[in-house]
Amino acid sequence: MSTPDWTPDGGSLIVHADNADYLPTLPDGAFTMIYVDPPFNTGRAQRRQQTTMVRSVDGSGDRTGFKGRSYTTVKGLLSSYDDAFEDYWAFLEPRLAQAWRLLADDGTLYVHLDYREVHYIKVMLDALFGRDCFLNEIIWAYDYGGRAKNRWPAKHDNILVYVKNPAAYHFDNAEVDREPYMAPGLVTPEKVALGKLPTDVWWHTIVSPTGREKTGYPTQKPEGLLRRAVAASSREGDWVLDFFAGSGTLGAVAAKLNRRFVCVDANPQAIEVMTARLGHAAAVVVPPKPKPVRARRPAKKSPAGTEAAAL
Ligand SMILES: C[S@@+](CC[C@H](N)C(=O)[O-])C[C@H]1O[C@@H](n2cnc3c(N)ncnc32)[C@H](O)[C@@H]1O
């Protein structure tokens, strides 16, 4: 394995690293599209990080979309009754702030969530990006597995879509696969032949346990789902990023659609699966771990008896 740095003219990368360490090494605005499918509540003790990221399309430089005070209040209220929520928020927020930094001005972020998390992360993304940058909530509807009898069986995931700049983002629905009309008898044969543009509700089967796409990675998402997102929100040759990459579904789609990709995962099994799936299209890299910050010795007293600056 080598350790080449990412360069704009270089090739695709599979990166074995904690994304919190790796993302800050990438330059601002490098990616046209970012897709992430984060784990829910990793159960690990997370180091709290204060994000200082601010965004502003017009340059005024504050958390514009959702006023700072309400954001803090909502966050505080939610944290006060749910410890797991606080951990999850502290884990995800700095990483999504990095996603904002790494997006090009015409870039788009897709965040794959489920019905239990989506509302919290919507609030977080409104704060990080601004409400005017919210483009869509895509519902991925599938029909698989058992059905609860005591409520409506949950058979969908939610994908939040945010753009860096609502006045400049790239979106090309002509590149997207079209769907059959539900009532073909009501439209012209030409329309039937062309199919209709998808809406924000995407019906798609899960990865078939016996199908060719299956890698064995437990949380693998179907390529068909990501193909739409990549096709609409990036162009050939553009850079796309997944920093919770798992089995590398984003990379697989990107390679087929002639995009360049960076897929990051901290789990050695994910790197194994991605190497087998995408090794023909990308180099596998293990960046050096950042050096731990050593505690400084206490500052000596100055002759006047005042402390010398510690930092
Ligand atoms: C839900 S899975 C992603 C599945 C992926 N969308 C696919 O189609 O295979 C989430 C992934 O995030 C990875 N992960 C969790 N915490 C991470 C971190 N701090 N840095 C990098 N990867 C992380 C996990 O190892 C896991 O593979």
Report task. Output the number of the condition that residue 202 fails; it satisfies all remaining conditions of (1) surrounded by 14 or more Cβ atoms within 10 Å (Cβ to Cβ); (2) outside any loop (DSSP other than H, G, I, E, B); (3) without any contact (Cβ under 8 Å) to a residue 12 or more places away in the chain. Result -> (3)
Query - Test: residue in the stretch 281-290 that is surrounded by 12 or more Cβ atoms within 10 Å (Cβ to Cβ), at pLDDT below 95 and in a helix (DSSP H, G or I) - result: no
Report summary line: Expected output for the stretch 223-249 (first residue basic (Lys, Arg), partner within 12 Å of the ligand (Cβ to nearest atom), Cβ below 9 Å, 6+ apart or cross-chain) is 227/253
Query raised in the report: Among the listed residues 89, 140, which satisfies the condition of being in contact with a Lys or Arg (Cβ under 9 Å, 6 or more places away or on another chain), free of Cβ contacts under 8 Å to residues at least 40 places away in the same chain, more than 23 Å from residue 168 (Cα to Cα) and buried (at least 16 other Cβ atoms within 10 Å of the Cβ)?
Result: 89
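Residue-by-condition table, conditions (1) within 22 Å of residue 159 (Cβ to Cβ); (2) more than 11 Å from the ligand (Cβ to nearest atom); (3) loosely packed, with under 13 Cβ neighbours inside 10 Å:
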{"residue": "186", "(1), (2), (3)": "no, yes, yes"}
{"residue": "210", "(1), (2), (3)": "no, yes, yes"}
{"residue": "218", "(1), (2), (3)": "yes, no, yes"}
{"residue": "230", "(1), (2), (3)": "yes, yes, no"}
{"residue": "248", "(1), (2), (3)": "yes, no, no"}
{"residue": "265", "(1), (2), (3)": "yes, no, no"}
Query raised in the report: Which condition number in (1) in contact with a strand residue (DSSP E or B) (Cβ under 7 Å, 6 or more places away or on another chain); (2) part of a helix (DSSP H, G or I); (3) aromatic (Phe, Trp, Tyr) is the one that residue 115 fails?
Result: (2)
Query - Every residue from the stretch 15-38 that is within 23 Å of residue 228 (Cβ to Cβ) and either surrounded by fewer than 20 Cβ atoms within 10 Å (Cβ to Cβ) or not aromatic (Phe, Trp, Tyr) (or both) - result: 30, 32, 33, 34, 36, 37, 38
Report task. Report, by residue number, each residue of the stretch 12-36 that is in a loop (DSSP other than H, G, I, E, B) and within 12 Å of the ligand (Cβ to nearest atom). Result -> 17, 18
Query - Residue check, residue 125 under 23 Å from residue 35 (Cβ atoms), within 24 Å of the chain's Cα centre (by Cα) and more than 16 Å from the ligand (Cβ to nearest atom) - result: yes
Query raised in the report: in a helix (DSSP H, G or I), under 18 Å from the mean Cα position of the chain (by Cα) and more than 15 Å from the ligand (Cβ to nearest atom) - does that describe any residue in the stretch 232-239?
Result: yes
Query - Sole exception among (1) part of a loop (DSSP other than H, G, I, E, B); (2) within 14 Å of the ligand (Cβ to nearest atom); (3) without any contact (Cβ under 8 Å) to a residue 60 or more places away in the chain; (4) over 19 Å from residue 203 (Cβ atoms) for residue 252, by number - result: (1)
Report summary line: Contact list, first residue from the stretch 7-33 and of a type in the set (Asp, Glu), second anywhere and away from the ligand (no atom under 16 Å from the Cβ), beta-carbon distance below 6 Å, six or more apart or interchain, is 28/101
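The values are calculated or read from the model by the stated rules, or taken from the named source; none is laboratory data. Computed from a prediction, not measured in an experiment: that's the story for all the values here. Using ideal geometry, Cβ is built from the backbone for each residue, glycine included, and neighbour counts are taken over all protein chains shown.
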